[in-house]
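Each remark here refers to the structure printed beneath this line.
No value in this document is a laboratory result; all are computed from the given coordinates. None of the values given here were measured: they were computed from a predicted structure. Positions of Cβ are generated from backbone atoms using ideal geometry, with glycine treated the same way; all protein chains shown enter the neighbour counts.
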Amino acid sequence: MPKMYGIAAGVFLMTGGQALAHTHLASSSPAEGGVLAADAKELTFIFDGLMKEATCNAADASGKAVAVLGQAQVDREKVHVPVTGKFAAGAYAMTCHYKGVDGHEMNATVKFTVAN
Ligand SMILES: [Cu+2]
């Protein structure tokens, strides 16, 4: 029995360590709940660690994908997402599926509005 408790504690410590190593969203432009200028050229996500890759998509208030974003560019902790189309006025959410330097795949979402 003592040996089994030891294994359980070891697994707990391992997963705890990995959770601490995850890369999370630190800030964004627009910020969560913020406003994106109608003529904005890009959205930016800034993470708390180095990024490996990211794919970002926008959806309107009903959850329907809107094709207004180009391919995300990773620059160290930043992910730049070019605006290639035109946002109609309304509420949106941009979700980035990304892989941080620790190799874990995660999602980050920022909600914002566009006022024309
Ligand atoms: Cu991780």
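Quick test for you: out of ALA61, ALA65, ALA88, ALA31, pick the one residue that is among the aliphatic types (A, V, I, L, M), under 29 Å from ALA21 (Cα atoms), more than 11 Å from the chain's Cα centre (by Cα) and surrounded by fewer than 14 Cβ atoms within 10 Å (Cβ to Cβ). Outline the logic, then answer.
On the way: ALA61 fails: under 29 Å from ALA21 (Cα atoms); ALA65 fails: under 29 Å from ALA21 (Cα atoms); ALA88 fails: under 29 Å from ALA21 (Cα atoms).
One residue alone meets the criteria, ALA31.
Condition first: in contact (Cβ under 8 Å) with a residue 24 or more places away in the chain, more than 16 Å from the ligand (Cβ to nearest atom) and farther than 13 Å from LEU36 by Cα. Now tell me which residues in the stretch 82-110 satisfy that.
THR95
One residue is enough: does the stretch 69-78 have a residue meeting the conditions under 14 Å from the mean Cα position of the chain (by Cα) and closer than 11 Å to LYS111 by Cα?
Checked against the condition, which is being under 14 Å from the mean Cα position of the chain (by Cα) and closer than 11 Å to LYS111 by Cα, the stretch 69-78 yields no hits at all.
For the stretch 52-60, check the following and say yes or no: at least one residue is touching a residue at least 24 places away in the same chain (Cβ under 8 Å), over 14 Å from HIS97 (Cα atoms) and part of a loop (DSSP other than H, G, I, E, B). Spell out the reasoning first.
Step one: of the stretch 52-60, the residues touching a residue at least 24 places away in the same chain (Cβ under 8 Å) are 52-60.
Filter once more, keeping what is over 14 Å from HIS97 (Cα atoms): 60.
With part of a loop (DSSP other than H, G, I, E, B) added as a condition, the list becomes none.
Checking the stretch 52-60: not a single residue is touching a residue at least 24 places away in the same chain (Cβ under 8 Å), over 14 Å from HIS97 (Cα atoms) and part of a loop (DSSP other than H, G, I, E, B).
Mind counting the residues in the stretch 94-116 that are of a type in the set (A, V, I, L, M, F, W, C) and within 11 Å of the chain's Cα centre (by Cα)?
5
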